[in-house]
Amino acid sequence: MSETELLSEIHLLPDRVINQIAAGEVVQRPSSVLKELLENSVDAGASSIKVSIRDAGRTLIEVMDNGKGIRAAQATKALLRHATSKITDWEDLSRLITYGFRGEALASIAAVSQMELASRHIEEAHGFVLLCDGGLVREQREIAHTVGTRISVRSLFYNVPARRNFLKKDETEFRNLEDEFIRLALAKPELHLELQHQDKVLHVLKPANLKQRIHQLLGRAFADALVPVEEQTQLVGIQGFVAKPSACRKTRYAQYLFVNGRYFRDSYLQHALSSAMEGILPPQHYPAYILNLEVDSSKMDVNVHPSKIEVKFEEDKGIYAILKAAVRRSLGQFQLMPSLDFEKEPLPDAWGIAPGAPSQIQPPQVQWNPRYNPFEAESGRPRASADPATYWNAQTVWRASADSDAWQASDKFLTDDQTWEDDGRILGGHWAVFMSDRHLYIVNIPALHGILKTERLLKDLDGIFRPTSTGLKLQTQEWTLPQDTDLQELRSCALSLGVELEAMLPQSEAQVIGIPTGSSWAEVSDLLDYLSSSLSQGHAPERSEILGYLARRRGTASIPALFDESIPKQISLVLRQRIREALPLLGPDGRSVWKLVHPQSFFGPNLNP
């Protein structure tokens, strides 16, 4: 049969091919397998779940629970597509109380792996084990087994090499596996949960309340920086915590949103949380939160994404408004943002007018002196002997730089004209004015001082953040790795700056064992956030970029004054030195710190010097 004839024939696909195609939607990576198996255990009523992983899920993903188990007579049926015990009719979708409902997970997983299913139902005396290879049942036999289920998924994607080749590094895949474990642990703090990787125990979580579970998973420092959020309305109930701004990071760390105990993502509601903390979050930081929404299951649809991580709400705008208001109120109660108490404080008077006082308002009275002459002194005599520098309002002249006739923007004039007088004038505390034979120079004193302080700060930072061969201050601190961060690449970059990192368990954590002398842990933590954010975007920052970032974060307030801003002669000497050494006279914004004024530009070309 030719290729054309084959393409023209319509035929049914074999069940094995159908299951492998369906697996492409349900089983995208090892973490997808773990998610489905964990949800099945919870739906089975388990109070204890143990997870074992090998080689980031490539070799083994095993989930064992103490749920009610599967009847031996229904074992093979459990591996069929669209076989489920959770719904029987379409209307059941509108009142779901379980995680799963489609009946596709086990069939899809079995189609792309070598799976072993062992279980014992609570009403049966013996258990069974079922061996499945690439979707085909090889063997089923009776065994002794405790009540509950154990599912072992081995050699994931062994029969789909293309899918296996697209898996990421083991560190990344395991981090995704651990994320799924953490999401369930936060959604169900009442469960006993264990996680092992390479036969090493990473988590043993005893039943607890949500605050204690957060402490177990995310650390005490983060748990202590949480603010409780609780709101109950007819539309939605909200329970959980948001982090104080001091605990928020430049990465989307600790952002967990649940609805009826089910983890989901929703950019619209994430915006509500970001806008609720607007004005109190540091720049380029993201809010951190663990919140559960209680919504009537008939008012939402969880069947909009193959992995069930998206939810569609009927009243999403109302939930947005309630969520934003609840978070703002909780932050206000802890004095983390300004709030008005309308019960204790009277409302401000409109337009500042006291009640019953409109008749007291008088139109403004304008007064002026018709004899005033700006070119005469108070005695009425001309100011012929006055210092010419006092005729200039330095700030006004400075801002007139748009007039190309009034300004010359090249340092050439300052370099060539060495005839200016060192004894200038200080105007307004911010401007120094110097005069030469034919020109007037105005210097922005704070900008000039800022250049010198920034150079001194960069020099100090360059001496502090050096490789760890010298000046290492031992200090042990735990630091949570953001998602998609390559620890080895980050460690190499940090080591060149005098910061020593080492991996620890779980693999989403790192331990800082040394920081440069002269730095602080807060500064190093901020530096690591910056490096991981840049590296995750594929950009390895140069040393000059890193030092510039540190300088902006530290600021120049700690740098002592480098000259007396009230003495014109010292300012003039600084200018002459920088000209002699060919050092820049440009501020951080790229604008020159001095301006050259031609008096002819203001008084006309016929002005005699």
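The values are calculated or read from the model by the stated rules, or taken from the named source; none is laboratory data. These figures come from a predicted structure and were not determined experimentally. Note: ideal-geometry Cβ built from the backbone for every residue, glycine included; neighbour counts use all protein chains shown. Quick note on the areas: whole protein, heavy atoms, side chains included, nothing else; ligands and nucleic acids left out. Shrake-Rupley method; radii C 1.70, N 1.55, O 1.52, S 1.80 Å.
Scanning the range 438-456 for residues that are farther than 13 Å from V574 by Cα, at pLDDT 80 or above and open to solvent by less than 40 Å² (accessible area, probe 1.4 Å) returns a single hit, I442. Scanning the range 171-179 for residues that are open to solvent by 10 Å² or more (accessible area, probe 1.4 Å), assigned to a strand (DSSP E or B) and not aromatic (F, W, Y) turns up nothing. None of G498, G518, G555 is at pLDDT below 75 and at positive phi except G555. For the range 326-345, the set of residues classified as at pLDDT 60 or above, hydrophobic (A, V, I, L, M, F, W, C) and open to solvent by 60 Å² or more (accessible area, probe 1.4 Å) consists of F334 only.
Table: residues versus (1) more than 30 Å from S534 (Cα to Cα); (2) in contact with a Gly (Cβ under 9 Å, 6 or more places away or on another chain).
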residue: E190; (1), (2): yes, no
residue: L210; (1), (2): yes, yes
residue: E230; (1), (2): yes, yes
residue: S246; (1), (2): no, no
residue: F258; (1), (2): no, yes
residue: Q270; (1), (2): no, no
residue: E278; (1), (2): no, no
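Out of K35, K86, K68, K50, one residue alone is modelled with pLDDT of 90 or more and part of a loop (DSSP other than H, G, I, E, B). It is K68.
Looking at H203, H215 in this structure, which one is touching a residue at least 40 places away in the same chain (Cβ under 8 Å) and not charged (D, E, K, R)? Result: H203 is the single residue among H203, H215 that is touching a residue at least 40 places away in the same chain (Cβ under 8 Å) and not charged (D, E, K, R).
The criterion of being under 34 Å from the mean Cα position of the chain (by Cα), buried (at least 17 other Cβ atoms within 10 Å of the Cβ), at pLDDT 75 or above and over 18 Å from P467 (Cα atoms) holds for L535. In the range 271-285, the qualifying residues are those that are in contact with a Lys or Arg (Cβ under 9 Å, 6 or more places away or on another chain) and of a type in the set (S, T, N, Q), and the one that is farthest from L257 (Cα to Cα) is Q284.
Scanning the range 188-201 for residues that are surrounded by 14 or more Cβ atoms within 10 Å (Cβ to Cβ) and either modelled with pLDDT under 90 or in contact with a Phe, Trp or Tyr (Cβ under 6 Å, 6 or more places away or on another chain) (or both) returns a single hit, L195.
Selection within the range 27-47: residues that are among the small types (G, A, S) and open to solvent by less than 40 Å² (accessible area, probe 1.4 Å). The member of this set that is nearest to the chain's Cα centre (by Cα) is S31. Name the residues in the range 213-254 that are within 17 Å of the chain's Cα centre (by Cα), crowded, with 17+ Cβ neighbours inside 10 Å and within 19 Å of E180 (Cβ to Cβ), would you? Listed by number, the residues that qualify are L218, T251, Y253, A254. Working only within the range 252-288, note down all residues that are touching a residue at least 60 places away in the same chain (Cβ under 8 Å) and not in a loop (DSSP other than H, G, I, E, B). The answer is Y256, F258, R262, Y263.
Counting only residues that are within 30 Å of V311 (Cβ to Cβ) and surrounded by fewer than 20 Cβ atoms within 10 Å (Cβ to Cβ), the range 103-150 holds 1 of them.
Regarding V153, is this residue open to solvent by 50 Å² or more (accessible area, probe 1.4 Å) and in a strand (DSSP E or B)? Show your work before the answer.
Details: open to solvent by 50 Å² or more (accessible area, probe 1.4 Å): no; in a strand (DSSP E or B): yes.
Answer is no for this residue.
Within the bounds of the range 295-313, is there any residue that is in contact with an Asp or Glu (Cβ under 9 Å, 6 or more places away or on another chain), polar (S, T, N, Q) and under 20 Å from L218 (Cα atoms)? Within the range 295-313, not a single residue is in contact with an Asp or Glu (Cβ under 9 Å, 6 or more places away or on another chain), polar (S, T, N, Q) and under 20 Å from L218 (Cα atoms).
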